[in-house]
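The values are calculated or read from the model by the stated rules, or taken from the named source; none is laboratory data. Keep in mind it's a predicted model, so treat the numbers as computed, not measured. Cβ: placed from backbone, ideal geometry, glycine included. Neighbour counts: every protein chain shown. Just the protein is used for accessible areas: all its heavy atoms, side chains included, with ligands, DNA and RNA removed. Shrake-Rupley method; radii C 1.70, N 1.55, O 1.52, S 1.80 Å.
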Amino acid sequence: MITITQDAANTATYQNLSTNSSAATIFTSKDVNHPMVAAFFRMQQGETLRWTYPGNEFCLILEGELHMRDTENPDQIHRLKAGDVARADKGTVATFSTPSHAKGFVVSQLSAENLDMGSLSQVADL
């Protein structure tokens, strides 16, 4: 079965993660043995977002620039721009900021208890 959502990045309902960042879940898998979620996120210049990854995740930056810092290696800042892809392991704690704005697309492998991400802020450390 193939499911299509037209213009998903612009028509999705975004939920706030912080005062300057938000995310919108587009799809979740129905396979309870291999749960996944696909979502868009966007961030504007402002406060830093601290995030604990609830599962393994891949992120593609679509627009702008995102600064990513793993709290285990705080001296290293990853500066991601449109076209860059990042991978983070489950349990990684990272902080995010942007000098202007960023928009991205993520695919996360979640545990069954995190599959219903009705409120994405449940997994953000706000």
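Remarks
- Pairs, first more than 27 Å from SER97 (Cβ to Cβ) in the range 18-30, second not in a strand (DSSP E or B) and not acidic (Asp, Glu), C-beta under 8 Å, six or more apart: PHE27/THR3; PHE27/THR5; THR28/PRO35; THR28/LEU115; THR28/MET117; SER29/PRO35; SER29/LEU115
- Hits in the range 4-35 - residues which are more than 16 Å from GLY104 (Cβ to Cβ) and in contact with a Phe, Trp or Tyr (Cβ under 8 Å, 6 or more places away or on another chain): THR5
- The set of residues in the range 79-100 that are surrounded by 14 or more Cβ atoms within 10 Å (Cβ to Cβ), without any contact (Cβ under 8 Å) to a residue 40 or more places away in the chain and in a strand (DSSP E or B) comprises LEU80, ALA86, ALA88.
- Residues located in the range 28-43, provided they are open to solvent by 80 Å² or more (accessible area, probe 1.4 Å) and either part of a strand (DSSP E or B) or at pLDDT 80 or above (or both): MET36, ARG42
- In the set GLU47, GLU57, only one residue is within 14 Å of the chain's Cα centre (by Cα) and open to solvent by less than 90 Å² (accessible area, probe 1.4 Å); that residue is GLU57.
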